[in-house]
Amino acid sequence: GTTHTTPEGGLFVWAALPEEMSARDALTRAIEKSVAFVPGTFFYPAGGHENTMRLNFSNAEVPSIIKGMAALAEAVREG
């Protein structure tokens with residue numbers, strides 16, 4: 001139930017968890033696994049969209065991205 005954008009450039013991937021999930025809760029678990037992201041709600045002036053996240057890939061090598069995404073997936077599954 002998770003979706004994401006496919007960037008054609010830029011620095012970020014936008015992802016959405018299933019609507020009933022909280023990206024803030026996932027962030028807490030992800031940090032325990034040494035992974036961080038910005039909850040998407042902070043990019044909406046009226047708030048909401050608690051299930052979204054902005055992922056940065058600008059300063060990481062592919063192996064690190066793969067490892068980080070595996071840890072993030074684990075954090076999300078634990079939720």
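The values are calculated or read from the model by the stated rules, or taken from the named source; none is laboratory data. These numbers come from a predicted model, not from an experiment. Cβ atoms come from the backbone with ideal geometry, glycine included; neighbour counts cover every protein chain shown. Accessible surface is based on the protein model in full, side chains and every heavy atom, while ligands, DNA and RNA are left aside. Shrake-Rupley method; radii C 1.70, N 1.55, O 1.52, S 1.80 Å.
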| query | How much of the accessible area of the chain, in percent, comes from carbon and sulfur atoms when a 1.4 Å probe is used? | reply | 56 percent
| At 1.002 mPa s and 20 °C, Stokes diffusion of the chain via Kirkwood alpha-carbon radius, µm² per second | 168 µm²/s
| Per-residue ³J(HN,Hα) for the stretch 20-33, Karplus 6.51 cos²θ - 1.76 cosθ + 1.60, θ = phi - 60°, Hz, x for Gly and Pro | 7, 9, 9, 5, 5, 5, 5, 4, 4, 5, 5, 4, 4, 9
| Karplus (6.51, -1.76, 1.60) ³J(HN,Hα), θ = phi - 60°, over the stretch 59-72, in Hz, Gly and Pro reported as x | 10, 9, 7, 3, x, 5, 5, 4, 4, x, 5, 5, 5, 5
| request: Enumerate the calculated ³J(HN,Hα) couplings along the stretch 44-50 in order (Karplus 6.51 cos²θ - 1.76 cosθ + 1.60, θ = phi - 60°), each rounded to whole Hz, writing x wherever the residue is Gly or Pro. | output: 10, x, 8, x, x, 6, 4
| Which chymotrypsin sites (Phe, Trp or Tyr not before Pro) from the chain combine a DSSP loop assignment with at most 16 other Cβ atoms within 10 Å? | PHE57
